[in-house]
Amino acid sequence: MSPQRSLCLVAAVSVFIAFLAVAPVAIAGQAPSGPSETPRQAAKMKWFREARFGLFIHWGLYAIPAGEWKGALIPGIGEWIMNRAKIPVKEYEQLASRFNPVKFNAEEWVQLAVDAGMKYIVITSKHHDGFAMYGSKVSPYNIVDATPFKRDPLKELAAACARKNIRFGFYYSQAQDWHEPNGAGNTWDFLADETKKDFDKYLREKAEPQVRELLTNYGPVCLIWFDTPRLMTPERGQRFIDLVSSLQPNCLIDGRLGAAGDYRSMGDNRIPPTVEAGDWEVPATINRTWGFKKDDTDWKPPSDLVFKLVDIVSKGGNYLLNVGPTAEGLIPQASQDNLRAVGRWLRVNGEAIYGAGPTPFGPELGAYSDTEKDKNGKPVFKAKEEWRCTTRPGRLYIHFFKWPGESFELRGVQGRVGKAYLLADSSRKGLPVKSSEGAVSVTLPASATGEYASVLCIEIQK
Ligand code: H79
């Protein structure tokens with residue numbers, strides 16, 4: 001049914017009442033890190049707070065075995081195959097001579113991010129396997145010098161991002177490097193007792209100079225995404241902070257360096273249950289793996305991706321959603337299709353996502369159980385998934401995942417309520433609204449107007 005048609009079905013029966021604790025509506029917009037934030041830091045974070053949705057790309061030699069080694073399917077995430085199968089460096093290295101992703105097309109990858117409504121891309125410049133996916137002078141173990149491909153895909157992506165107005169950043173595994181005797185993580189070729197490793201030698205001779213290359217040769221880098229800070233100390237972390245800020249003072253540092261970054265990284269695929277203050281991001285998979293695995297076809301459908309995006313934004317965070325391209329250089333079709341479906345939703349509803357702040361309410365997120373405990377004895381959070389709220393100055397956006405019926409009631413709304421309309425209705429025709437003492441009741445069409453989530457905008461004057 002067209003949005004216009006369903007809008008004609010407005011009826012005035014009040015059936016759905018959301019019981020909300022009386023919470024004042026802070027007319028939130030962008031979420032500052034706190035009262036102590038400097039104007040300089042606010043300026044640095046501005047694009048990140050606007051963006052809300054980014055594309056993570058895990059691409060490396062592990063795309064060749066794609067989860068299978070010597071005829072056996074190796075469980076776990078694809079980019080960990082060297083570790084899980086305890087593949088000796090000398091054997092794993094040989095993958096490089098077979099890496100020739102001739103179907104790689106930087107324009108197409110960046111266009112996918114554009115189509116999906118994503119605002120930044122973060123790609124693995126070097127994952128734990130130690131292989132640099134760019135032309136590095138620091139180590140010959142890189143895509144330009146060690147493969148028949150010989151091209152630098154990160155150069156091509158940086159150029160395509162600049163053309164298409166997408167911010168570009170790098171994942172760099174600063175601590176784990178299974179290729180290097182003194183890097184963290186490889187206990188099958190090298191010392192099992194990692195305290196005996198000369199970790200600083202590895203940092204000085206590989207990780208720090210490679211980060212220097214990445215921040216020197218690829219134009220403006222929006223952020224650098226460090227991971228798994230094993231063996232990192234605050235001093236070692238500080239060296240990276242100094243390096244990044246001396247080369248690109250506007251480059252953000254994620255939350256997994258091992259010293260304070262510019263924002264918090266939540267756990268992999270961990271969406272917090274409630275609103276979190278400050279700047280943060282959830283790195284997440286679109287199936288179960290990060291690096292391509294041929295037997296992982298557990299694609300999250302667009303409905304789930306839209307829910308997670310809205311859920312995260314309604315709690316104050318960013319969604320960094322991953323794809324794992326193949327060894328030929330192609331992003332799996334299902335990933336592409338599902339991301340483009342999210343993009344179509346965003347073209348209608350983007351104003352409720354980009355630069356939007358968290359919910360001023362909270363009970364719609366769910367609640368901790370009084371009776372159920374997890375294995376650590378902590379109360380289990382029972383999430384609700386009927387609707388979420390995001391905010392901009394003067395506007396509440398209610399995202400319905402379950403259509404409430406012909407009326408929606410909200411309590412605890414502060415300020416004078418103005419117009420209410422569905423974002424899917426391009427005429428922005430006002431819906432009947434009643435409000436008194438913070439209780440707002442909006443009369444809705446009988447059925448949902450959009451796919452995945454229908455968004456109701458309620459204008460509020462202070
Ligand atoms: O880059 C992606 C992952 O490779 C990386 N972080 C995201 C962004 C990551 N590093 N470590 N982990 C995630 C968690 C590792 C969990 C482990 Fe396992 C459990 C390592 C060994 C046991 C899971 C199961 C991975 C390999 C086997």
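Throughout, read-outs are computed from the coordinates displayed, never taken from laboratory work. Here the structure is a predicted model, which is why all the values come from computation and not from measurement. Glycine also receives a Cβ, built like all others from the backbone with ideal geometry; neighbour counts cover every protein chain displayed.
The modelled label-to-label distance between E372 and R40, using points 7 Å beyond Cα along the C-beta direction, is 4.8 nm. Within the chain, DSSP assigns beta bridges of which about 55% are antiparallel (rounded to the nearest 5). A Cβ-based charge dipole, computed about the Cα centre of the chain with Lys and Arg at +1 and Asp and Glu at -1, lands at about 920 debye. Can you check what the net charge comes to around K402, using other residues whose Cβ is under 13 Å from the Cβ of K402 (Lys, Arg +1; Asp, Glu -1)? Surrounding charge for K402 is -1.
Relative to the longest principal axis of the Cα atoms of the chain, helix 302-314 runs at roughly 80 degrees.
In whole angstrom, note down how far apart the Cα centers of segment 101-128 and segment 146-171 are. Cα centres, segment 101-128 to segment 146-171: 8 Å. Among W47, H127, S426, which residue has its Cα furthest toward the positive end of the charge dipole of the chain, with +1 on Lys/Arg Cβ and -1 on Asp/Glu Cβ? Checking the options against the dipole of the chain, the answer is S426.
Comparing L223, L346, P249 along the charge dipole axis of the chain, the residue lying farthest to the positive side is L346, per the Cβ-charge model. Note on segment 54-189: antiparallel DSSP beta bridges, both residues inside, total approximately 20 percent of the bridges counted. Once backbone amide H atoms are built at 1.01 Å from N, G357 has T391, R392 as its partners under 5 Å, excluding neighbours fewer than 5 places away on the same chain. Here the Karplus curve 6.51 cos²θ - 1.76 cosθ + 1.60, taken at θ = phi - 60°, turns the phi angles of segment 315-323 into couplings of 9, x, x, 10, 10, 10, 9, 9, 10 Hz, with x standing for Gly and Pro. Students often get this wrong: which residues of segment 138-177 have the backbone nitrogen under 19 Å from the point 7 angstrom along Cα-to-C-beta of E107? Only 151-167 pass the distance filter. Over every Cα atom in the chain, the radius of gyration and the widest Cα-Cα span, Dmax, amount to 23.8, 73 Å.
Mind jotting down the distance between the C-alpha centroids of segment 323-367 and segment 248-307, whole Å? So the two Cα centres are separated by 12 Å.
For the chain, the 222 nm mean residue ellipticity estimated from helices alone, with every DSSP H stretch of n ≥ 4 adding -39500 (n - 2.57) and the total spread over all residues, rounds to -6500 deg cm²/dmol. Kindly list the residues of segment 303-317 that lie in the label zone of K402, defined by a backbone N under 20 Å from the point 7 Å along the Cα-to-C-beta vector. Counting only backbone N, you get 303-312, 314-315.
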